[in-house]
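Presented below is the structure to which this report refers.
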Amino acid sequence: MGVYLLPSPASLAVFLSSFVTLFVHPRPAIAITRHYKFDVLLQNVTRLCHTKSMVTVNAKFPGPCIVAREGDRLLIKVVNHVQNNISIHWHGIRQLRSGWADGPAYVTQCPIQTGQSYVYNYTIVGQRGTLWWHAHISWLRSTLYGPLIILPKLGTPYPFAKPDKEVPIIFGEWFNADPEAIINQAMQTGGGPNVSDAYTINGLPGPLYNCSAKNTFKLKVKPGKTYLLRLINAALNEELFFSIANHTLTVVGVDAIYVKPFDTETLLIASGQTTDVLLKTKPHHPDAKFFMSARPYVTGQGTFDNSTVAGILEYEVARKTIQSSHTSKRLPLYKPNLPPLNDTSFATNFTSKLRSLASAEFPANVPQKVDRHFFFTVGLGTNPCSKNQTCQGPNGTRFAASVNNVSFVMPTKALLEAHHFGQSKGVYSPNFPISPLIPFDYTGTPQNNTMVSHGTKLVMLPFNTSVELIMQDTSILGAESHPLHLHGFNFFVVGQGFGNFDPKKDPANFNLVDPVERNTVGVPSGGWVAIRFLADNPGVWFLHCHVELHMSWGLMMAWVVLDGKLPNHRLLPPPVDLPKC
């Protein structure tokens, strides 16, 4: 129930025909063009005994699973049949020279308006593993999301044991109310929004929630087999711990990048991140069922959904051994022991185990020299309350969030178009501060002045600039972990620590050999993280917290990577069907 199995029938047909062709006529794998159509529709969906009309793709919740191979071209036509403006982001896809297909509304495109359509056209270059897609406007990604699976090129094996089956598992949040109404109300009052009513696994809340026993994700497995679980955290506002009772998981990839395998009983997955794990089932039927559970990792001061989602791992019984006494209903059900909600030590230990393969076939091309150094503070703050209004933020203010104390103001015209056509005046300014204008004790006693500034400010980077970015959490309104997502690039996580980053001492401990490579990283609560990337992709690229609430409050900024001198170092021209604002 609610399970994706890979490959899909359509991709399986392609796979089989390609396999037969390759077997009869051996030749290098040929990339193909894959066509998908996304009809954005309203659909009645019932969870927790509560039915609501919500925005979906192809009337599915979660949305359809996209399957492609490394090197394939994807043409995905999105048709908007609802009243909301729509844009879709292909989370983690590099979008080399194809920034027009990246998807964040008012950054790389104007949104698709009611009755309009847009074809997202991009090629998958040098990536394989698990990514995902989601709406990138307001809070619509609460229902508009789905897996994006990139298989290796034909004939190319995984760098780990070939699994017997692959299963995407996507975590989400369910709101009984309309999430758009929830955030709109919060933005009006200046306070925190109502939290979700449940977490979900593949859209299903599971038996720990009221009226949800029938809406439970069940993974049926056979003894002595290996399953590749492709885990995706699509939850709107929470990082999650995940575990399967009495089973060990082997982590083999994150964010569509292979990692040095390691075993764990529990993992942490931040909003926006993906993690590939191998599940080796027990050699014999264990005469038991097992919960697959997830619940939040929480570091902030605000309210949160303090519930647990559970699916069930069930072992299939060989037909010849089925007896009346062996019915699954009578089997004991084991539950995993998840870490405490605020277990930062577990979070730190887990993330420190992640390492790139750094092999000849999968090298870790960490920039060894740095052209530009940046230091960004990330955290919460406040805005003053409007006259004649009562606000529900701290001390009667409105909640806000910022990077280097600049709370991002979303433009009404797409940044990429403004840049490409030289029309930036009045749309954005190129003077985003490369470090805090007023340094302070970032993780010490909070500042008295919590007010933020506002602007649509960008950083300009020449093509092929090597960048080192330190992202520092602040204790203003309380320290908190922030999962930061960079569009258009993977980056290497070369260091992290607690307290204030020390530019004299901390770089000596950076890992420049095999740091993990990813597209979304958690800035530790009360700490910092250091990343490096090569700005080799021309366009305008968003950097933002993947906690949707913090985005709504302004925790985001953008980079402009200029065209290079060679033709293949320049942004391609915009497509003719690019939506208009």
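The values are calculated or read from the model by the stated rules, or taken from the named source; none is laboratory data. Keep in mind that this is a model prediction, so the values were computed, not measured. Reconstructed Cβ throughout: ideal geometry from the backbone, glycine too, with neighbour counts over all protein chains shown. We work out accessible area using only protein heavy atoms, side chains counted, and drop any ligands, DNA or RNA first. Shrake-Rupley method; radii C 1.70, N 1.55, O 1.52, S 1.80 Å.
As a ratio to 2.2 N^0.38 Å, the alpha-carbon radius of gyration for segment 382-452 is 1.44. Packing, as the average of other Cβ atoms within 10 Å across residues, places the peptides 472-479, 574-581, 241-248, 298-305 in the order 472-479, 241-248, 298-305, 574-581, highest first. Close amide-amide hydrogen proximity is noted between residue 382 and 400, 451, 452, each under 5 Å apart and 5 or more residues distant or on a separate chain (H modeled in the peptide plane; Pro and chain starts excluded). Over all alpha-carbon pairs in segment 380-503, figure out the percentage whose distance exceeds 26 Å. Of all Cα-Cα distances in segment 380-503, 33 percent exceed 26 Å.
Here the calculated FRET efficiency for residue 512 and residue 41, from their Cβ-Cβ distance with R0 = 51 Å, stands at 0.60, rounded to the nearest 0.05. Expressed to the nearest 5 percent, the antiparallel share of DSSP beta bridges inside segment 151-245 is 40 percent.
Karplus-derived 3J(HN,Hα) values for segment 436-453, using 6.51 cos²θ - 1.76 cosθ + 1.60 with θ = phi - 60°, are x, 5, 10, x, 8, 7, 4, 10, x, 4, x, 5, 6, 8, 9, 6, 10, 9 Hz; glycine and proline are entered as x.
Database note for the chain: Cys without another Cys beta carbon under 4.7 angstrom, 65, 545.
Counting only heavy atoms of the protein chains and using a 1.4 Å probe, residue 505 has close to 140 Å² of accessible surface.
Extension gain, residue 372 to residue 435, is 21.5 nm, computed as 0.36 nm per intervening residue step minus the present C-alpha separation. Largest accessible area first, the residues 361, 316 order themselves as 361, 316 under a 1.4 Å probe with ligands, DNA and RNA left out. In this simple spin-label approximation, residue 425 and residue 445 carry label points 7 Å from Cα along the Cα→Cβ vector, and these lie 4.9 nm apart. Listed by chain and number, the aspartates and glutamates whose alpha-carbon sits under 19 Å from that of residue 225, ignoring those within fewer than 8 places in the same chain, are 164, 166, 263, 265, 276, 287, 314, 316. Separation of segment 474-538 and segment 155-231 by C-alpha centroid, Å? Between the Cα centre of segment 474-538 and that of segment 155-231, the gap is 27 Å.
Evaluate 2.2 N^0.38 Å with N set to the residue count of segment 235-284, then give the Cα radius of gyration divided by it.
Dividing the Cα Rg of segment 235-284 by 2.2 N^0.38 Å gives 1.21.
The calculated FRET efficiency for the pair residue 58 and residue 333, based on their C-beta separation and a Förster distance of 22 Å, comes to about 0.05. Residues whose amide H lies under 5 Å from that of residue 527, counting only those 5 or more places away or on a different chain, are 473, 499; hydrogens are built 1.01 Å from N in the peptide plane.
Largest accessible area first, the listed residues 87, 552 line up as 552, 87 when surface is computed with a 1.4 Å probe on the assembled protein chains. Heavy-atom accessible area with a 1.4 Å probe sorts 357, 486, largest first, into 357, 486. In segment 501-575, how does Rg compare with the Kirkwood Rh, expressed as the Rg/Rh ratio over alpha carbon atoms? Taking Rh as the inverse mean 1/r over Cα pairs, Rg/Rh reads 1.04. Please report Rg over Rh for segment 182-262, where both radii come from the alpha carbon positions and Rh follows the Kirkwood definition. Radius of gyration relative to Kirkwood radius: 1.07.
Close amide-amide hydrogen proximity is noted between residue 200 and 172, 173, 174, each under 5 Å apart and 5 or more residues distant or on a separate chain (H modeled in the peptide plane; Pro and chain starts excluded).
With all pairs of different C-alpha atoms in the average, the Kirkwood value for the hydrodynamic radius of segment 437-536 is 14.9 Å. With the alpha-carbon atoms of segment 258-297 aligned to their principal axes, the span from lowest to highest coordinate is 35, 26, 13 Å, starting with the largest. From its DSSP helices (H runs of at least four residues, each -39,500 (n - 2.57)), the chain gives a residue-normalised ellipticity at 222 nm of -2500 deg cm²/dmol. Here the chain carries DSSP beta bridges of which approximately 70% are antiparallel, counting only pairs with both residues inside. Please compute the Cα-Cα pair-distance distribution of segment 21-139 with 10 Å bins starting at 0, giving whole percents from short to long. The distribution over segment 21-139 is 12, 40, 29, 13, 5, 1, given as percents.
When the Cα convex hull of the chain is projected onto planes of every orientation, the mean area is 27.6 nm². Would you mind getting me the FRET efficiency between residue 389 and residue 214? Use the beta-carbon distance for r and R0 = 41 Å, nearest 0.05. In this case the efficiency is close to 0.35.
Within segment 157-309, the proportion of Cα pairs with more than 21 Å between them is 49 percent. Taking each residue as 0.36 nm, the span from residue 358 to residue 260 lengthens on full extension beyond its C-alpha to C-alpha distance by 34.4 nm. Using the average count of surrounding beta-carbon atoms within 10 Å as a protection proxy, the listed peptides 536-543, 78-85, 418-425 rank, highest first, as 536-543, 78-85, 418-425.
Each residue of segment 459-470 is assigned a 3J(HN,Hα), and the resulting list reads 9, 9, 10, x, 4, 6, 6, 8, 10, 10, 10, 9 Hz, derived from the Karplus form 6.51 cos²θ - 1.76 cosθ + 1.60 (θ = phi - 60°), x at Gly and Pro.
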